[in-house]
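Trainee: Take this structure first; my questions come after.
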Amino acid sequence: MVFGCAEPHELYPDWKRDFGRDAPLELEIGPGRGGVALDHAARHPEIDLVVIEARRSDCELIRARALKRGLRNLMVLHGDARLLLPRLFPPRSLAGLHVQFPDPWWKRRHHKRRLVDVDFALQARRLLAPGATVDFRTDVAAYAREGEQTWVQAGFERLPDEPPEVLSTRERRYAVTGQPVFRTRFRNPPADIRPIQSERTGREWRDVRRK
């Protein structure tokens, strides 16, 4: 716990120290069993990737697979992404954000629990460097439409569609069954970022980063 006037390095993890180098830092939220995260880290050894997953078992699985593949540019955190983001990353520190199939929370009264809303998108704008990109994937058409409106409302620029470089396990399965996947990409333009007000509190998180 830091008391008094804290320096920035006392508030945020030192990612350069933890990864052992100075490289572009990307974040993935909701990696599931880690198909995209593992392949993305392997394809791009020039970047460092942090993933946040709410399920402890999936965190341990991704960590074990990363160690087996020798991926030293991937770290795994267990916890609630909405609570962790402002504590983990200083403003404009992220080069990319990947949001994989977030829970759609079908019932209308539960929509407020959805990850992607305007508050979250504004927070992402604050943490992403100018020019950084967002990769948003869902298999729910309504969530895809609302998500696109949300990212644009927060000030992101919609990018042209292009085939994904890496497919998730779910996407590979859907390619066989024919179920559609909705993938949209956005760019954080160089512009002033609106202040974010947050009163969210919640459970603590545990670190299962690779050692």
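Trainee: Cβ contacts < 7 Å: first residue more than 30 Å from L122 (Cβ to Cβ), restricted to the range 168-189; second residue among the basic types (K, R), any location; separation 6+ or different chain. Result?
Mentor: T169/R33
Trainee: Still on this model: For the subset of the range 139-160 comprising residues that are at pLDDT 85 or above, charged (D, E, K, R) and not in a helix (DSSP H, G or I), which member is surrounded by the most Cβ atoms within 10 Å (Cβ to Cβ)?
Mentor: Filtering the range 139-160 for residues that are at pLDDT 85 or above, charged (D, E, K, R) and not in a helix (DSSP H, G or I), the one surrounded by the most Cβ atoms within 10 Å (Cβ to Cβ) comes out as E157.
Trainee: Of all residues in the range 1-20, count the ones that are surrounded by 12 or more Cβ atoms within 10 Å (Cβ to Cβ), part of a loop (DSSP other than H, G, I, E, B) and modelled with pLDDT of 85 or more.
Mentor: Our first condition is that a residue be surrounded by 12 or more Cβ atoms within 10 Å (Cβ to Cβ); within the range 1-20, this holds for 11-13, 15-16, 18-19.
If we keep only those that are part of a loop (DSSP other than H, G, I, E, B) as well, we get 12-13.
Checking the rest, the ones that are also modelled with pLDDT of 85 or more come to 13.
The number of residues fulfilling the criteria is 1.
Residues checked against (1) in a strand (DSSP E or B); (2) at pLDDT below 95; (3) of a type in the set (S, T, Y); (4) under 21 Å from A23 (Cβ atoms):
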site	(1), (2), (3), (4)
L49	yes, no, no, yes
S57	no, yes, yes, no
V76	yes, yes, no, yes
P91	no, yes, no, yes
L97	yes, no, no, yes
P102	no, yes, no, no
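Trainee: Has the range 124-138 got any residue that is at pLDDT below 85, farther than 18 Å from D18 by Cβ and either assigned to a helix (DSSP H, G or I) or not β-branched (V, I, T) (or both)? Steps first, please.
Mentor: Applying the first criterion (at pLDDT below 85) to the range 124-138 yields none.
Checked against the condition, which is being at pLDDT below 85, farther than 18 Å from D18 by Cβ and either assigned to a helix (DSSP H, G or I) or not β-branched (V, I, T) (or both), the range 124-138 yields no hits at all.
Trainee: Within the group P189, P163, which residue is assigned to a loop (DSSP other than H, G, I, E, B) and modelled with pLDDT of 90 or more? Walk me through how you get there before you give the answer.
Mentor: Values: P163 fails: modelled with pLDDT of 90 or more.
Being assigned to a loop (DSSP other than H, G, I, E, B) and modelled with pLDDT of 90 or more holds for just one of P189, P163, which is P189.
The values are calculated or read from the model by the stated rules, or taken from the named source; none is laboratory data. Since the model is a prediction, treat every value here as computed from it, not as a measurement. As a convention, Cβ positions derive from the backbone with ideal geometry for all residues, glycine included, and neighbour counts pool all protein chains shown.
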